[in-house]
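A.B. asks: Here's a structure for you.
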Amino acid sequence: MLRATLRSLLARKLRLILSALAVVLGVMFVSGSFVLTDTLSRSFDDLFRGIYSSVDVQVGPAGLGGASMDDDDVAVRTIPASTLDAVRSVPGVASATGDVAADGARLIGSNGKVVSTFGPPSFGQAWTGEDALVQIREGRGPTADNEIAINADLAKKAGVKVGDQVGVLTREPKQTFTLVGIFGFSGGRDTLGGTQNVAFTLPVAQQLMIGESNVYTTISVTAADGVDDAALRDAIAAKLGPQYGVKTGEELGAASAAAFASVLDIFNKVLLGFAGVALFVGAFLILNTFSIVVAQRTRELALMRAVGASRRQMIGSVLTEAVVIGMIASVLGLAAGFGVGRLMAVLFANFGGGGLALASVSLPLAAVISAFSVGLIVTMVAAVLPAVRAARIPPIAALQEVATPDRPLTKLTISGAVIGVAAAVVLGLGLTGRIDGDATLWAVLGGAIGIFLGVALITPLISRPVVAGLGRLTGRWVPGVLGRRNAGRNPRRTGITAAALMIGVALVTAVGVLLTSAKASFTQTTEDTVHAEIYIGADQTSAIPPTFDVAVIPRVEQVAGVRDVLATWYDDGAKVDGREADLTAVHNPAALQPILEVTPVAGSIATLADDQVIVDEKTAARQQLTVGSTVTIQPLRGTAKEYTVSGIYATTDFGYVQGFVLSEAARTGFAVPQARSAFVALDSGATLADTLPKIRALLADSPEVDAVDRATMIEQETGEVDTMLNMVQILLSLAILIAALGIINTLALSVLERTRELGLLRAVGLGRAHTTAMVTVEALVITVFGALLGMGVGIGLGAAAVRAFKDEGFTTLSLPWPQLGTYVIAATVIGIIAGLLASIRAARINVLAAIAHE
């Protein structure tokens, strides 16, 4: 029986290749994800250990986890200069150096624009000289307060050289320095993981990056000869007490690597999620393939039963084919995944990681285990139903001419309806947050998968009228009529084939509906609530937001035609009564209501004394605050201060003013005291053409931001939505590709199944061109049906999500019409290609041999 099964498999090589290819692509995605994250993890582990290789012990604020990965804490919490003397007095300390390093030093390049890192930090630091890690390439280190040195990678990107005058943005407005040195790092590296480094003298670094003098962010300690790092760490910790974090260089490297590993873990899960979608679609392809194969081999299998094969052997025969296909696909998918993962790591290192030195090539065990587990499990599960169906073939079927009669769809339809309704309920509970904790995510995922299964089971019933309707578009053209009837003659096969395409299209459509609705909601809310003709600001593309000099604000107010200016500052790490909270400072609070329609609920919001705060209605209710209540606010920098609630305003969907709002005086304690945004309202007689150029001229020394009209502001703010949608479409394109392969596979097997029928059609006068057209119409009808079904399901899912998120600002349901049109066109192209590929055999069929075919 095993020999017969293997011979049958090898005799149908095309079926084997097409069936395995779907699993190969899914396994490639899974194993490639593990290879990518493993390579990056080991590469950054090497990087961080190298960074701290010259550090024996480091002292920082309590909770220090490594300056490279815990920048917010390190940059904010400082160490008094007196602590340096205490560290130096510890026995075993050979030397100790006070360091200043914080994210937020943005260099202005030779083109007048800020050099962006798109992720890695932009460190402003104190120059402490060359050591085992830092090496001067050109010039020297800064010695005067108007001098800086930068790392070689930043110098290349900025297009600057030693001797140039360059501008730098920090906590303070643009300042100009003389570039006196360019440095690199050990191993010939121009950067450490893409970071930008601007080195100042110590007093300048303290002032610009911390806002305080006589403080450090960390203290680097070198142990005396023969002193153990761990022992020295313990001695320093005992001397300084629990308010300081003391770690060895090895511990810092491990902590930084572990922090980055957690980020990679999230990234890996996202990639695996898309891989799961691809495999889910691939399961439909395999199920359909085996179903067709069993139907084609009905007579053969019945003969086996007639000569003594048991039902168990029949099931084993089909599952053996599945195991062979799964093994082949797993091996090929693992090999492809290794190559793809490594290629993605190289691309990341060269374009996103600032020339990151990649670790040696290896194949992680997780990739191997996942490849074979996923490949075999998906294939076996998909083959179970066809295997059971094969076992039920009676021996008498060997004597019948028609061995595969169409079966009623009643049970299938009822099962699909029940599963779909139950899944919709679970999905609704997950989206509305009525399930707590981690169960929410599982409810959403389980509900979505259940809906796809339910719709897939109902698809055969839906396919009959829809396929008939689509096919009628060809009119009475004979190839079109034949193609339509071929697509509708086996609704189960058509339904499963279309369902595979449906899943990919539905997911892309659902995400498109959600993101488009978010964009439309923001646009509508902005148009309804922002009564300002000009906006000053920019999109945030790194950890440090774009800012502009606060001195610009009064100058803008003096521009002819300007009626009101409302400027804002944000402090993301603030705490109110010990709890994290949104904190905003505003210039001209009287403009809150006329410009942003921030309406008072209690008290007054038009004025704010330096010791007063206003708060939104929801936050006030949550923290049981009323007008007259007092709260203690601890900004990210500076000292805690007690404020009195002077007003409560209605919570808005517009994110520029939310949470606790303070007067402009509070900005000095914020992480970034420069203005982040401003709204400019014009007089009734003023025009943008006259006013906008004047305001832009005032921003000449603030290259991170620009003054734009309201329409451009909306376009800038919603630009990320289009980027996210494009990324989702790219990642889900693999699932759609697998679905396309499924259509090609189904049609190719269908042509083989109808060999005799095609021969008869050719014998009675159907030409090759008409045969090709017939198969192409069949493919076209199936793909368009799958795309339309996917769009319908996706729109439903997206609309449900928008409805569930109405309290989060989703006020408008909007459909991505351009994308929907693209999906229809793509389905048409896929259908034509699939039909043409499958029709090659049909068009070349030998008429006499086909008529004699059994």
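A.B. asks: Which value in deg cm²/dmol, rounded to the nearest 500, describes the helix-derived mean residue ellipticity at 222 nm for the chain, given -39,500 (n - 2.57) per DSSP H run of n ≥ 4 and division by the residue count?
C.D. replies: -18500 deg cm²/dmol
A.B. asks: Run the dipole for the stretch 427-580 about the Cα centre, Lys and Arg Cβ at +1, Asp and Glu Cβ at -1, nothing else charged, and hand back the magnitude in debye, nearest 20.
C.D. replies: Its charge dipole is roughly 2040 debye.
A.B. asks: Ok, one more. Please give the charge dipole size of the stretch 101-212, origin at the Cα centre, charges +1 on K and R Cβ atoms and -1 on D and E Cβ atoms. Round to the nearest 20 debye.
C.D. replies: Result for the stretch 101-212 is approximately 380 debye, rounded to the nearest 20.
A.B. asks: Pull out a ≥ b ≥ c, the square roots of the eigenvalues of the alpha-carbon gyration tensor of the stretch 401-522, then state rounded if a/c is under 1.5, prolate if not and a/b is larger than b/c, and oblate in the remaining case.
C.D. replies: oblate
A.B. asks: Across 5 Å bins from 0, what is the distribution of all Cα-Cα pair distances for the stretch 341-385, in whole percents?
C.D. replies: 5, 19, 16, 14, 12, 11, 9, 7, 5, 2, 0
A.B. asks: Multiply the residue separation of Ala238 and Thr630 by 0.36 nm, subtract the distance between their alpha-carbon atoms, and state the gained length in nm to one decimal.
C.D. replies: So the chain would gain 137.2 nm between Ala238 and Thr630.
A.B. asks: May I ask which of Lys247/Lys575; Lys113/Lys157; Lys113/Lys156; Lys113/Lys174 have a Cα-Cα span longer than 20 Å here?
C.D. replies: Violating the 20 Å limit, Cα to Cα: Lys247/Lys575.
A.B. asks: Between the helical axis of 249-296 and the dominant principal axis of the chain, each derived from Cα atoms, what acute angle in degrees is found, rounded to the nearest 10?
C.D. replies: 20 degrees
A.B. asks: Follow-up question, since we're still on this one. Taking 8 Å as the Cα distance limit and 6 or more residues as the minimum spacing, I'd like the relative contact order of the stretch 768-854 as a percentage.
C.D. replies: 58 percent
A.B. asks: Please give the helix 817-843 orientation as an angle from the longest Cα principal axis of the chain, in degrees from 0 to 90, rounded to the nearest 10.
C.D. replies: 40 degrees
A.B. asks: Continuing with this model, one more query. In what sequence do Leu747, Leu473 fall when counting other Cβ within 10 Å, fewest first?
C.D. replies: Arranged by neighbour count, lowest to highest, Leu747, Leu473 become Leu473, Leu747.
A.B. asks: Order the peptides 725-732, 408-415 from the highest to the lowest mean number of other Cβ atoms within 10 Å of their residues.
C.D. replies: In descending order of packing, they fall as 725-732, 408-415.
A.B. asks: Continuing with the same structure: Just the projected area, averaged over all directions, of the convex hull on the alpha carbon atoms of the chain: how many nm²?
C.D. replies: It is 43.7 nm².
A.B. asks: Can you tell me how the stretch 101-212 classifies by the Cα gyration tensor, rounded, prolate or oblate, using a/c under 1.5 as the rounded cut?
C.D. replies: Judged from the Cα gyration tensor, the stretch 101-212 comes out rounded (a/c under 1.5).
A.B. asks: Give a quick list of trypsin sites (Lys or Arg not before Pro) in the stretch 451-540 that DSSP marks as loop, anything other than H, G, I, E or B, with at most 10 other Cβ atoms within 10 Å.
C.D. replies: Arg476
A.B. asks: Taking the Cα atoms of the stretch 660-786 alone, what are Rg (to one decimal) and Dmax (as a whole number) in Å?
C.D. replies: Rg and Dmax of the stretch 660-786, Cα atoms, are 31.1, 91 Å.
A.B. asks: Could you tell me the center-to-center distance, by alpha carbons, between the stretch 670-695 and the stretch 459-510 in angstrom?
C.D. replies: 56 Å
A.B. asks: Does anyone have the angle between helix 13-51 and the longest principal axis of the chain? Alpha-carbon axes, 0 to 90°, nearest 10?
C.D. replies: 20 degrees
We did not get these values from a lab; they are worked out from the coordinates using the rules stated. Small disclaimer: the values here were computed from a predicted structure and weren't measured. Cβ: placed from backbone, ideal geometry, glycine included. Neighbour counts: every protein chain shown.
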